[in-house]
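Novice: Quick one: the structure is below, questions incoming.
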Amino acid sequence: MKLSHKYLIIFLGPTAVGKTALCLKIAQLFQTEIISSDSRQFYKETNIGTAKPTESELKSVPHHLIGTKSIHNPYDVKDFENEALQVLDVIFKTHDIAIMAGGSGLYIDVICKGLDDIPDIEPKIREKIISEFEEKGIEFLQRELEKFDPDYFQTVDRNNPQRLMRAIEVFRGTGKPFSSFRVKNLIQRPFKIIKIGLEREREELYERINKRMEMMIRQGLFEEAEALFPFRHLNALQTVGYSEIFGYLEGKYDKEEAVRLLKRNSRRYAKRQMTWFRRDSEVLWFHPEQEKEIIQCIKNEIIKAEKP
């Protein structure tokens, strides 16, 4: 039927929960296109470590914002907001429904609600934080952020020094926690949003994470990370799946320990993702195998929104 509104269906959930396979089926059912909101999949140089869809999956349904950027070019959440909205404008010219999939909570939030502008921070503040990091290590950044912005600390990638330093500099420069800039002025988008959350029992999810990490290693994750090793300082590579291998390549521990850290940190990342998503009361939660229930839920939400 012809719809009077445009709809963005967002599939969110932790790493390895099963978003990709389900989104392909839903996109084919509604004959539409998929936008990635996974901040790790934007870059063309990172494939295995970010669990991008396979070539056949990418060809089966039109995808956007996967492998379109270089790790050498800065790209942040505001850039993503602008680009994703432009893509949605194009999709909605020929489709009533679009699908967004990903596990990056901040990137999903910026499409749903927008992001308050953060004032420019004096460069001297950033320079001081960088020197503190170089002198005291990442543990210092973690303690600082936990003290001044416990809300953001619960969800941020704590192994990513760039994100930790950004949050600390915002607090020092404005006197307000970084998390406070995410929630103040909600933006009304010219489309309806339906959020479908995917979850599994913790033991089931953790087993899937461990098995997927083993598969990535067989596919050449260590070799991919070794090729990226000269660029390990770049913000795009400060993430689970690469940081652990860089530590091994730097001689900090052996390969067996690197594998243990890869699995452990991926599980911790999934836990932080769920902490973020659980705070959103608009999310409708399902097990990924509840396909019929998910499809019926989407249809019901559309019917409800279409009523005058």
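Novice: Name the residues in segment 286-304 that are of a type outside the set (S, T, N, Q) and either part of a loop (DSSP other than H, G, I, E, B) or loosely packed, with under 14 Cβ neighbours inside 10 Å (or both), would you?
Specialist: Here is the first cut: in segment 286-304, the residues of a type outside the set (S, T, N, Q) are 286-289, 291-295, 297-299, 301-304.
Answer for segment 286-304, where residues must be of a type outside the set (S, T, N, Q) and either part of a loop (DSSP other than H, G, I, E, B) or loosely packed, with under 14 Cβ neighbours inside 10 Å (or both): His287, Pro288, Glu289, Lys292, Glu293, Lys299, Ile303, Lys304.
Novice: Shifting gears a bit: Here are some residues: Val90, Val110. Which one is surrounded by 11 or more Cβ atoms within 10 Å (Cβ to Cβ), hydrophobic (A, V, I, L, M, F, W, C) and either closer than 21 Å to Leu24 by Cα or modelled with pLDDT of 95 or more (or both)?
Specialist: Values: Val110 fails: either closer than 21 Å to Leu24 by Cα or modelled with pLDDT of 95 or more (or both).
Result: Val90 is the single residue among Val90, Val110 that is surrounded by 11 or more Cβ atoms within 10 Å (Cβ to Cβ), hydrophobic (A, V, I, L, M, F, W, C) and either closer than 21 Å to Leu24 by Cα or modelled with pLDDT of 95 or more (or both).
Novice: A further question on this structure: Among the residues of segment 239-260, is any in contact with a helix residue (DSSP H, G or I) (Cβ under 7 Å, 6 or more places away or on another chain), aromatic (Phe, Trp, Tyr) and outside any helix (DSSP H, G or I)?
Specialist: Looking through segment 239-260, at least one residue is in contact with a helix residue (DSSP H, G or I) (Cβ under 7 Å, 6 or more places away or on another chain), aromatic (Phe, Trp, Tyr) and outside any helix (DSSP H, G or I).
Novice: Any residue that is surrounded by fewer than 14 Cβ atoms within 10 Å (Cβ to Cβ) and in the same structural domain as Leu29 (by TED's automatic domain parsing) - is there at least one of those in segment 61-69?
Specialist: Within segment 61-69, the subset surrounded by fewer than 14 Cβ atoms within 10 Å (Cβ to Cβ) is 62.
Keeping just the survivors that are in the same structural domain as Leu29 (by TED's automatic domain parsing) gives 62.
Within segment 61-69, one or more residues are surrounded by fewer than 14 Cβ atoms within 10 Å (Cβ to Cβ) and in the same structural domain as Leu29 (by TED's automatic domain parsing).
Novice: With the requirement that a residue be modelled with pLDDT of 85 or more, among the acidic types (Asp, Glu) and within 16 Å of Gly105 (Cα to Cα), what does segment 147-189 give you?
Specialist: Once the filter is applied, which keeps residues that are modelled with pLDDT of 85 or more, among the acidic types (Asp, Glu) and within 16 Å of Gly105 (Cα to Cα), segment 147-189 yields only Asp151.
Novice: Taking segment 22-54 on its own, how many of its residues are out of contact with any His (no Cβ under 8 Å at 6 or more places or on another chain) and closer than 27 Å to Leu261 by Cβ?
Specialist: 17
Novice: Exactly one condition in (1) of a type in the set (D, E, K, R); (2) closer than 26 Å to Phe229 by Cα; (3) touching a strand residue (DSSP E or B) at 6+ places or on another chain (Cβ under 7 Å) is false for Arg40; which is it?
Specialist: The one condition Arg40 does not meet is (3).
Novice: Considering each residue of segment 181-208, count those that are part of a helix (DSSP H, G or I) and in contact (Cβ under 8 Å) with a residue 60 or more places away in the chain, and give that number. It would help to see each step written out before you state the result.
Specialist: Residues of segment 181-208 part of a helix (DSSP H, G or I): 181-182, 202-208.
Filter once more, so that each one left must be in contact (Cβ under 8 Å) with a residue 60 or more places away in the chain: 181-182, 205-206, 208.
Residues that pass the stated criteria total 5.
Novice: Working only within segment 226-238, note down all residues that are in a loop (DSSP other than H, G, I, E, B) and free of Cβ contacts under 8 Å to residues at least 40 places away in the same chain. If you could, list the steps in order and put the result at the bottom.
Specialist: Pass one, segment 226-238, residues in a loop (DSSP other than H, G, I, E, B): 232-234, 238.
Selection gives Arg232, His233.
Novice: If Ile66 satisfies all but one of (1) of a type in the set (A, V, I, L, M, F, W, C); (2) over 24 Å from Ala227 (Cβ atoms); (3) in a loop (DSSP other than H, G, I, E, B), what's the number of the condition it fails?
Specialist: (2)
Novice: Which one is farthest from the chain's Cα centre (by Cα) among residues in segment 211-225 that are free of Cβ contacts under 8 Å to residues at least 60 places away in the same chain and within 21 Å of Arg264 (Cβ to Cβ)? If you could, list the steps in order and put the result at the bottom.
Specialist: At the first step, the residues of segment 211-225 found to be free of Cβ contacts under 8 Å to residues at least 60 places away in the same chain are 211, 213-215, 217-218, 222-223.
Right, trim to within 21 Å of Arg264 (Cβ to Cβ) and you get 211, 213-215, 217-218, 222.
Values: Lys211: 20, Met213: 18, Glu214: 21, Met215: 21, Ile217: 21, Arg218: 24, Phe222: 22 Å.
Going through the qualifying residues, I end up with Arg218.
Novice: Report whether or not Thr54 is touching a residue at least 12 places away in the same chain (Cβ under 8 Å) and assigned by TED's automatic domain parsing to the domain that holds Thr239. Walk me through it before giving the result.
Specialist: Working: touching a residue at least 12 places away in the same chain (Cβ under 8 Å): no; assigned by TED's automatic domain parsing to the domain that holds Thr239: yes.
Taking the combined requirement at face value, the residue does not satisfy it.
Novice: Among the residues of segment 17-25, are any at negative phi and not in a helix (DSSP H, G or I)?
Specialist: Of all residues in segment 17-25, those at negative phi come to 17, 19-25.
The next check asks that each one be not in a helix (DSSP H, G or I); those that pass are 17.
Yes; the residues of segment 17-25 include at least one that is at negative phi and not in a helix (DSSP H, G or I).
The values are calculated or read from the model by the stated rules, or taken from the named source; none is laboratory data. Everything numeric in this text was worked out from a predicted model, so none of it was measured. Don't worry about glycine lacking a Cβ; one is built from the backbone with ideal geometry, like all the others, and counts go over all protein chains shown.
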